[in-house]
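Derivation of every value follows stated rules applied to the coordinates shown; laboratory data play no part. All figures in this text were calculated on a predicted structure; none of them were measured in a lab. Every residue, glycine among them, receives a Cβ derived from its backbone with ideal geometry; neighbour counts consider all protein chains shown.
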Amino acid sequence: MGDQLEARIEAIGTLQGHDDRVWHIAWNPTKPILASCSADKTVRLYTYRTNLISGDSEATANLPSLTFSHYTTIPTGHSKTVRAIAWSPSGKTLATASFDSNIGIWEQESGEDDEPGGGALTGSEWECMSLLEGHETECKSVAYSSSGNLLASCSRDKTVWVWEVHPDSDFECMGVLMEHTQDVKCVAWHPKEEILASASYDDTIKLYIDDPSDDWYCFLTLTDHTSTVWTLAFSPDGRYLASGSDDKTVRVWERVQEHKWECAAVIEGHEMSVYSLSWGRGKSMGQNDLGWLASTGGDGTILVWKMSTTPPIEGGGKTELLYSLMARFSFAHGVSDVNTVTWCPHEGYEDILATAGDDGVARIWKIFH
Amino acid sequence: MSTEAFNPNPVVFATAKSSRPVPAYVKSNSLWLDDEECSTEGFDESNEIEEIDQDEIFGAFFRPLRARQLIRSISDPEHRNMSLEQLAVVSAPQITFDARSPNRLTVEFTPTVPHCGMSTFIGLSIRVRLLRSLPNRYKVDIRVKSGSHQSEHALNKQLNDKERVAAALENPALVEVLEQCLSTAGHESDTASV
């Protein structure tokens, strides 16, 4: 707002309906569905379609490119806040993490065929296929691995659980990782490999892999943040990991060796806690571009950073990580905190963002570049 | 809640008088009592931006919401018949505004003893009271007075973690005690206030 930045962020939609703070929002990776969850214990699902305007003129070029409509509400049955949600890579399953300490697994009854373009989605009800019990206190985050074969969850009980996804909504616990000394706030999977990252109230980030002959184990602890680490986001190419903290910074960690990650940048710009990060591919990717990193938090501001590296040096040598602020929007949810920001994963929509706020609404944004 | 008192014999302090000049429109009412009958006539009930100062938060008056006590009369969880002000846990000078952003304020409190196990609860009761009473544009930082508690850092961190606060407020047993301590702080049921 008021900045001379190369791009601007504009609101293109507001999704109302939750009765309380909206904690998290997630785009279905295969279908035009957006899900949001709230302290009101429900999950709301929205469908959206593109507004293709024929006779493209200057006047219509800036019209909203997507329209959203509420499609169903899952009451969930969770007895407390639904803190986080995650779609499986197939787009068929939704996982909910609740303060009631359980993880819910939701699927739409089969039978209705879904058209990829966004046809009949309003079929059968979403049903709870499985309830994963095991955490002792509030679950705070849940994430599917890129293959969809593994699910990770974390809790105030200081543990991270890794579950193997079997057919028929059967889940087997593969490991309980008790590495953190405090609440675990966030779990995130590497986009290509089975590397799991967790962020905690103990100010650290931990990275885990599976030892084929043994169990899941922590191979690295990243300790540079000076307060709670709230959020994690891998770069789309998997070479970097971004973390956001109560210390108001975003740190970007570079994979310098197979099992070694080092801090490559400390990004400042937020005035309060950074609650959420999302690293998307962005539009018009050049050879050294790493995509767009969106951040938000307690200051209610959305920042979009353009990430890239220096060109490769002939004869080897290390490339350097570069970042620049590309767009900013203050008071994105009025005076409220923004809890989540997330890029639309669909091709052609890399400039669309969704946010969830303490004001009880979800918003959709477009980057005009 | 533990049944053992952390501070069985607390020092009771005389409560402070407001040093703030009293505007004419509240003169007819005692600022230090529950001014439920305070007239709101002539007050602007709209949500327009209005400065709030430490006296207002502490308990003197709060113009858009009518005169009421915000935090000074919250009951001490261990000594329910005494207020946080009587035990000098809270005081007006411990409420400070960020000069650069007037919507951000810090409320400091002083546990009666450095090992006070009720400190988290006291901090939470102050946070909830302000959450319910202040317009939502205010972002409040709650801290124990520097050097007043052995777990100062842990306490401050916990009281300012919105996720932990949200989860605590979904704990029915905790909320029950909280409501009792807040029942002496103004009247929550007065819906005319917001």
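Things worth noting here:
- Phi-based couplings in Hz for the stretch A:269-276 (Karplus 6.51, -1.76, 1.60; Gly and Pro marked x): x, 8, 9, 9, 3, 8, 9, 8
- Residues A:R8, B:R127, A:R363, arranged from fewest to most other Cβ atoms within 10 angstrom of their Cβ, appear as A:R8, B:R127, A:R363.
- For chain A: Kirkwood Rh in Å [reciprocal of mean 1/r, alpha carbons]: 20.8 Å
- A:A7/A:Y217 FRET efficiency (R0 51 Å; Cβ-Cβ; nearest 0.05): 0.75
- Taking amide H positions as modeled 1.01 Å from N, with prolines and chain starts lacking one, the residues under 5 Å from A:G357 and 5 or more places away or on another chain are A:V22, A:N339.
- Put in order of Cβ neighbour count within 10 Å, fewest first, the listed residues B:T96, A:T231 become B:T96, A:T231.
- Interchain or long-range residues, amide H under 5 Å from A:T42's placed H: A:V82
- Whole-Hz couplings from phi, Karplus 6.51/-1.76/1.60, listed for the stretch A:137-147; x for Gly and Pro: 9, 2, 7, 10, 7, 8, 8, 8, 6, 5, 7
- FRET E, pair A:Q257, B:N81, Förster distance 51 Å, beta-carbon r, rounded to 0.05: 0.20
- Taken about its Cα centre, the stretch A:253-362 carries a charge dipole of about 220 debye when Lys and Arg each add +1 at the Cβ and Asp and Glu each add -1 at the Cβ.
- Stokes-Einstein diffusion coefficient of the stretch A:129-192, Kirkwood radius over Cα pairs, 37 °C, 0.692 mPa s, in µm²/s: 274 µm²/s
- Each other residue within a Cβ distance under 12 Å of B:E108 adds +1 if Lys or Arg and -1 if Asp or Glu, for a net charge of 0.
- Amide H contacts for A:A242 (H built 1.01 Å from N in the peptide plane; partners 5 or more residues away or on another chain; cut-off under 5 Å): A:A233, A:F234, A:S235, A:W253.
- The alpha-carbon of A:K80 sits under 20 angstrom from the alpha-carbons of these lysines, leaving out residues fewer than 8 places away in its chain: A:K41, A:K140, A:K158, A:K185, B:K162.
- Rg/Rg_globular for the stretch B:114-169, with Rg_globular taken as 2.2 N^0.38 Å and Rg from C-alpha atoms: 1.12
- Overall, the ratio between the Cα radius of gyration of the stretch A:233-283 and 2.2 N^0.38 Å, rounded to two decimals, is 1.17.
- With a cut-off of 12 Å on the backbone N, the residues of the stretch A:303-335 near the modelled label site 7 Å out from A:M272 along Cα-Cβ are A:331-335.
- With the gyration tensor restricted to C-alpha atoms of the stretch B:77-153, the semi-axes of the equivalent ellipsoid amount to 22, 14, 11 Å, longest first.
- With 0.36 nm allotted per residue and the present C-alpha distance subtracted, the A:S330-A:T67 stretch has 92.3 nm of extension available.
- Chain lengthening between A:H166 and A:Q16 when straightened (0.36 nm per residue, less Cα-Cα): 50.4 nm
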